[in-house]
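These notes are about the structure you will find just below.
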Amino acid sequence: MNKLIKNFLAITSVAMIASSVAVAEEYRIGTASLGGAFYPIGQSISNLVNKHTDGEISMVPVVTGGSVQNPRLIHSGEVEIAITNNNLGFLATKGLGPYKKTGKIEMSAVAALHPSVLHMIVLADSDINTIEDLKGKKVAVGPAGGGTLGFINFLLPLHDMEMDDMTPSFLSYSDGFSQLTDGNVDAAFALSGYPAGAVMQASAGNKLKFISFSAGMLDKATEANKAFKAVTIPAEVYGTEGDATVIGVNNMLIAPNSMSADVVEKIVTAVFDHLDEFKAENSNAKQIDPAASLSLAIPLHEGAARYFNK
């Protein structure tokens, strides 16, 4: 066999071997700003997908504006999968609320995740006790495009207030709570699962307290939007003086309707077949109830339905 033929066969062999090696499809999961719960949850989901899909799927978490922005990122194709909440998921698929300009977003639910609660936090010696006390105060309201701001815009009118009644700072959760402990803002808000990293960091060297709802106002809020619910945060979570009753909402993983059902099923299988591993890595995952995936505000993606309807 001459040298030319040998070289040709060697090159052909290498090419055949290379073509037989599966190249992982990369997916970006939209999370939120650093300091909340979405980014760590997205990191844990990525780790499970990377580990348990036999190299077929690669996933990376992406820092985003949060639950309001994430459906828009699904719509634009800037992320392939993302986290949002029940209320926003419903509004996005109907083209309502913050999605009026975008129009109806063609997306489906992939799975139920942990609940998020609205952390309304001040230092323990603050004279701010209720939402009404925020008038004239400097408040870190979370990043523009995040779910925190959506909650605030929902709650303020119920209290006959508007954003102009306070001085808002649009900061990441980490920056917002750093500003609180430094005394640069009077209160900091974060829509996040608990414990939230930014709040934990603030509580490490400071006594904190939750801003409370005035009598009847939490009931008024949950009656105005059935997607929201009252949630109790035990005192030991952040070392507060007592348990706190806050407003919360269930979260979900979302994907475009156009995503392959096989891919969605593989992602869900990687996560929910290894839920114990998920819970060991991320404390918020301990609050996930797989059965809740069957009662979300928007329909399940075909691939997710295959898994949860087994």
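The convex hull around the C-alpha trace of region 84-233, projected and averaged over every direction, spans 9.2 square nanometres.
Expressed in units of 2.2 N^0.38 Å, where N is the residue count, the Cα radius of gyration of region 80-136 is 1.65. Using a probe radius of 1.4 angstrom, the carbon and sulfur fraction of the accessible surface of the chain is 52%. Restricting the calculation to alpha carbons of region 54-164 gives Rg and Dmax of 16.8, 55 angstrom.
Full extension of the chain between Lys286 and Leu96 yields a length gain of 65.2 nm, computed as 0.36 nm times the residue separation minus the alpha carbon distance. For region 176-254, applying the loop criterion from DSSP together with a ceiling of 14 other beta carbons within 10 Å to the GluC sites (Glu not before Pro) yields Glu241.
Centre-to-centre, using Cα atoms only, region 81-148 and region 204-233 are separated by 13 Å. Angle of helix 147-158 to the longest C-alpha principal axis of the chain, folded into 0 to 90 degrees and rounded to 10: 30°.
With a cut-off of 8 Å between alpha carbons and a minimum separation of six or more residues, what is the relative contact order of region 186-310 in percent? Relative CO of region 186-310 lands at 22 percent.
Net charge near Asn70: determine it from the other residues with C-beta under 14 Å of the C-beta of Asn70, scoring Lys and Arg +1 and Asp and Glu -1. Charge balance near Asn70 sits at 0. To the nearest ten degrees, helix 38-52 and the longest principal axis of the Cα atoms of the chain are 20 degrees apart. Note: relative contact order over region 41-110, using C-alpha pairs below 8 Å and six or more positions apart, is 22 percent.
In a Debye calculation with equal point scatterers on the alpha-carbon sites of the chain and no solvent, what is log10 I(q)/I(0) at q = 0.12, 0.15, 0.16 Å⁻¹? Calculated log10 I(q)/I(0) at the listed q: -0.78, -1.15, -1.28.
Which value in deg cm²/dmol, rounded to the nearest 500, describes the helix-derived mean residue ellipticity at 222 nm for the chain, given -39,500 (n - 2.57) per DSSP H run of n ≥ 4 and division by the residue count? Don't skip to the end; give the middle numbers.
Values: 12 runs with 116 residues, N = 310.
Helix-only estimate at 222 nm: -11000 deg cm²/dmol.
Using a probe radius of 1.4 Å on heavy atoms only, what accessible surface per residue do you get for region 45-87? Whole Å² is fine.
Working: 1460 Å² over 43 residues.
Each residue of region 45-87 exposes 34 Å² on average to a 1.4 Å probe.
For Ala124 and Ala215, the FRET efficiency from 1/(1 + (r/R0)^6), where r spans their Cβ atoms and R0 equals 22 Å, is about 0.50.
Calculated accessible area for region 104-177 comes out at 37 Å² per residue, all protein chains present (probe 1.4 Å; ligands, DNA, RNA ignored). For region 271-310, the per residue solvent-accessible surface stands at 53 Å², with DNA, RNA and ligands left out and a 1.4 Å probe. Modelled label positions at Ser260 and Arg306, each set 7 Å beyond Cα in the direction of Cβ, lie 1.0 nm from each other.
The values are calculated or read from the model by the stated rules, or taken from the named source; none is laboratory data. Keep in mind that what you see is a predicted model, and the values were worked out from it rather than measured. Quick reminder, even Gly has a Cβ in these numbers, built from the backbone with ideal geometry, and neighbours come from all protein chains shown. To get the accessible areas, we keep the full protein, side chains included, count just its heavy atoms, and leave off ligands, DNA and RNA. Shrake-Rupley method; radii C 1.70, N 1.55, O 1.52, S 1.80 Å.
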